[in-house]
Structures are given as C-alpha cells and as structure tokens.
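Q: Could you have a look at this structure, given as structure tokens, before my questions?
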Amino acid sequence: LDCIFNRLRARVKGPAVSIPQIDAVNGLYLHGSVGAGKTLLMDLFLASLQNSTPLQVRSYRVHLHDFLRNMHAELHRAKHLQCFEGFGKDLEFPRQHQQTERSSSKGTAADKQAGNPQAFLVEDGCSQVSPFFPILPSNWWLLGEQDDRGRRRTGLAAGCIQIGRSGTGPTSVEKLALALALRLDVLCFDEVAITTIQDCVVLAPLLKVLCQQGVLVIATSNRAPADLYAGGLNRHVHLPPLVKAIHGHCEVCDIASAVDHRERKAKDEGDETHSDAVFLWGCVAGCPQSTAFVESWWSRLCPPTPALSQGNPGFQREPVAVSYSRSLNCWQSPCRTCARFNFNELCEAPLAAADFAELCNRFHVIILQDVPRLSGAAASSEAQRLIWLLDQCYEKHSRLIMTSQAKSP
C-alpha cells in the first residue's frame with residue numbers, strides 16, 4: 001500500500017490530472033483471516049490519499065454488498081429508461097404519470113416506489129441522475145452500441161452473455177463500468193464475498209473494464225480469489241473469469257496474521273463490568289441471565305419519561321422498512337433509533353444482505369437475543385445471515401448488543 005500510495009502521489013502532477021491519464025498502477029487484493037486488519041489498512045491508505053491529494057484523486061469506498069445491490073438496481077433502472085427512450089413516441093403512459101411529468105420533472109416518492117422511469121428525471125427534463133450512483137454521468141447506458149446479438153442486456157443476462165459472446169459491442173454491465181471510470185480514479189471494495197450467481201457473473205466484466213480504463217481497485221476479503229463463491233451454482237464456469245480479472249489487474253496479498261484483533265478487544269471487554277459489556281456469552285436461550293442482560297440494556301436505551309409512564313412501557317412493536325418495499329416487525333425505542341430482535345426473527349427469516357443494510361441504516365443500536373451455537377450444514381443459512389448482520393453493523397457503525405449460547409466468539 002505504501003508503494004502504491006507513493007507512486008500515485010508522485011505521478012499526479014496537478015489538479016487537472018487524473019489517474020487514468022497516467023501510467024497504469026496495479027491494484028491490490030488483500031485477503032486473510034478475520035480481524036487481521038485488512039479494512040483498517042485500506043481505510044488508512046484511502047484517508048492518506050485523500051488528505052495528500054484531495055483535488056487530484058477521485059476516490060470511492062464502498063462495501064461490496066452495497067455496491068452490488070446498487071449496481072443491480074441501476075441496471076434495472078437503466079432498462080426502464082432505455083425502453084422509455086427507445087419507444088417513448090409510441091407508448092401511452094398512464095394519466096397519472098403524464099400529470100407527474102408536467103407538474104414535477106423530478107417525480108414524487110410514490111412514482112419512484114412504483115418504478116416509474118419519469119420519476120427520476122431532473123429539472124432540465126433531459127438528463128437522468130441515478131439515485132444509486134450519483135457520480136454516474138446521465139444517460140450512461142448510451143455510451144456504447146448494442147451488444148453482438150443486437151440487444152441491450154441488463155442484470156444476469158448481461159453477465160451471462162460474457163461467457164459465449166463473440167462480438168465487440170459492450171453490454172450494459174460494461175457500459176456501467178465505463179461510466180463509473182469516467183468519474184473515478186480509485187475504487188475501494190470492502191469485504192469481497194460472492195454468494196450468488198448474479199454477483200459472480202457480473203463482477204468479472206465490471207472489474208475488467210474498470211481496470212482497463214485506469215481505475216485503481218483496492219479490495220479486502222477473507223478469502224483468496226480462487227476460494228470465492230465456494231459451493232456456488234456452476235462455479236467452474238463463472239468463477240474463472242473473475243479470478244482472471246483479479247489476478248490480471250491486482251496484486252494479491254495474503255495477510256498471514258495469527259492475531260484476531262477484534263477477538264482480543266472482545267476479551268478485553270470481558271474484563272469490564274457487567275453493565276458495560278455488550279456481549280453475554282454462555283447463556284441458554286430464554287435463561288434469566290439473558291433476559292436480565294437484555295432488559296438492563298433496553299432500560300438504559302429507552303429510559304421512562306413522564307409521557308410514557310401511564311401504562312406505556314416506552315417501546316412498541318412496529319414495522320420497519322427493509323429492501324424491495326418489504327417490512328419487518330420489531331420492537332423499537334420511542335426515538336426509533338434502537339431495535340430489539342430475537343435470533344429467529346432475523347436469522348431464520350428470508351432476509352438478505354440488503355435487508356440488514358437497511359436495518360443498520362435505520363437503527364443506531366440493535367439488540368439480538370438468544371443466538372445459538374451455529375455449526376454444520378443445517379445452520380449454514382442462519383450463519384450467513386448472522387455474518388451479513390455483523391458486516392453491516394461494522395460498516396454502518398451500528399452498535400450490536402447480543403446474548404449467545406456460545407462460550408466465546
């Protein structure tokens with residue numbers, strides 16, 4: 001990282017010079033065990049780069065799950081807008097959409113929720129601003145021509161066509177990468193983990209085009225490139241292009257550390273008083289110790305007020321919005337910044353990484369009660385959801401208070 005930082009700083013000559021205009025610098029893929037300090041190293045590198053060259057380098061740091069979720073949403077939005085632009089003269093939109101277009105070029109929240117493409121138009125009536133990637137230029141999907149089969153492809157179809165395509169026309173995934181490259185010099189991915197075939201398929205061409213356009217990619221992961229997407233569908237077909245893109249444009253570095261700094265911090269926290277600890281280990285689900293621990297924290301987070309003293313305990317079970325217009329019922333504090341869940345409500349429910357991201361965006365504190373010991377293939381789905389929750393709490397700086405049957409982390 002020091003070498004990359006020094007090379008970038010030395011080659012940036014002035015405020016008008018961007019990294020794609022200078023010699024290419026290989027990116028870096030950091031992998032190693034949990035708690036080894038990979039994210040800390042990347043954040044220190046990015047902070048140093050931004051402080052030393054604040055005007056010359058355009059950087060963007062994002063959790064990979066957030067980036068992929070926004071990428072799929074942007075490709076879906078582009079598909080709607082392409083259809084509107086290509087056939088706008090022949091289509092008859094519903095009356096309410098015509099009224100929305102005349103009354104407000106930006107559209108209402110209800111229209112955006114319904115997926116009306118016109119709802120994302122800005123005031124000039126011509127260009128579109130992405131609600132997912134504000135750095136994208138407007139109409140980015142018009143940067144290239146149709147693909148070699150004469151179609152504009154989005155989503156999984158855009159990635160699958162990479163496997164057997166023979167033409168030179170860019171797909172929508174490649175166009176998105178070209179558009180991002182126009183506005184970015186350094187792109188930092190945290191927690192590279194591939195769990196779905198869609199993400200595995202589209203990430204390879206995206207990384208390849210970004211790096212070919214001069215974007216420096218720094219990534220962290222718990223797995224080596226060849227170990228990504230373990231046990232995934234058609235892994236032997238879709239993973240090799242991604243591994244080739246990573247090794248072709250990034251130096252792969254293994255942080256072989258035997259120390260888990262987060263576990264060390266948890267042990268230090270175990271020496272604190274019971275009232276200050278946020279994790280309670282070795283308690284059976286529903287035991288008095290677990291209930292007392294959670295109630296103690298909940299009373300501190302939701303202190304009683306005169307307005308709530310008349311028969312109201314100070315919190316209510318209400319729905320909270322998650323991804324894709326769905327909702328999840330949970331106990332919430334009066335200020336609506338703290339939430340309380342049982343393990344089965346979060347980790348046994350049909351939730352994905354996007355749902356946990358929405359929860360952590362909404363709540364500053366999340367209490368998770370009665371986490372069992374997770375082992376074996378039977379608990380793989382529950383364990384994956386718990387990992388997503390931990391990742392999002394770390395990324396969004398949400399405080400997690402938890403009781404678990406396990407003896408230690």
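Q: Peptides 347-353, 75-81: what's the order by average Cβ count within 10 Å, highest mean first?
A: In decreasing order of mean packing, 347-353, 75-81 become 75-81, 347-353.
Q: Efficiency by 1/(1 + (r/R0)^6): what FRET value for Ser323 and Asp276, r their Cβ-Cβ distance, R0 = 45 Å, to the nearest 0.05?
A: 0.85
Q: Treat every Asp and Glu Cβ in the range 183-233 as -1 and every Lys and Arg Cβ as +1, leave all other atoms uncharged, and give the resulting dipole magnitude about the Cα centre to the nearest 20 debye.
A: 160
Q: Quick query: amide H of Ile194 versus all other amide H atoms, modeled in the peptide plane; which residues come in under 5 Å with a sequence gap of 5 or more or a different chain?
A: Tyr229
Q: At a probe radius of 1.4 Å, what is the per-residue accessible area of Trp331, in Å² to the nearest 10?
A: Its heavy atoms expose roughly 90 Å² to the probe.
Q: While we're on this one: Report the FRET efficiency, 1/(1 + (r/R0)^6), for Gln213 and Asn51, where r is their Cβ-Cβ distance and R0 is 30 Å, rounded to 0.05.
A: About 0.75, to the nearest 0.05.
Q: Of Lys38/Lys396; Lys79/Lys175; Lys244/Lys396; Lys38/Lys175, which ones are farther than 20 Å apart at the Cα? Don't jump to the answer; show the numbers that get you there.
A: Details: Lys38/Lys396 17 Å; Lys79/Lys175 12 Å; Lys244/Lys396 31 Å; Lys38/Lys175 30 Å.
Pairs exceeding the cut-off: Lys244/Lys396; Lys38/Lys175.
Q: I need the peptides 229-241, 356-368 ranked by packing, meaning the mean over residues of other C-beta atoms within 10 angstrom, with the highest value on top.
A: 356-368, 229-241
Q: Another question, then. Given the peptides 212-221, 399-408, arrange them by the average over their residues of other C-beta atoms within 10 Å, most packed first.
A: So the peptides 212-221, 399-408, ranked by packing, come out 212-221, 399-408.
Q: OK, next. Students often get this wrong: which residues of the range 351-368 have the backbone nitrogen under 17 Å from the point 7 angstrom along Cα-to-C-beta of Ala379?
A: Flagged as within label range: 368.
Q: Measuring from centroid to centroid over Cα atoms, what is the spacing of the range 187-226 and the range 350-409 in Å?
A: After rounding, the separation between the Cα centres reads 24 Å.
The values are calculated or read from the model by the stated rules, or taken from the named source; none is laboratory data. Predicted, not measured: the structure shown is a model, and the values here were computed from it. FYI the Cβ positions are ideal-geometry reconstructions off the backbone, even for glycines, and counts take in every protein chain you see. Just the protein is used for accessible areas: all its heavy atoms, side chains included, with ligands, DNA and RNA removed. Shrake-Rupley method; radii C 1.70, N 1.55, O 1.52, S 1.80 Å.
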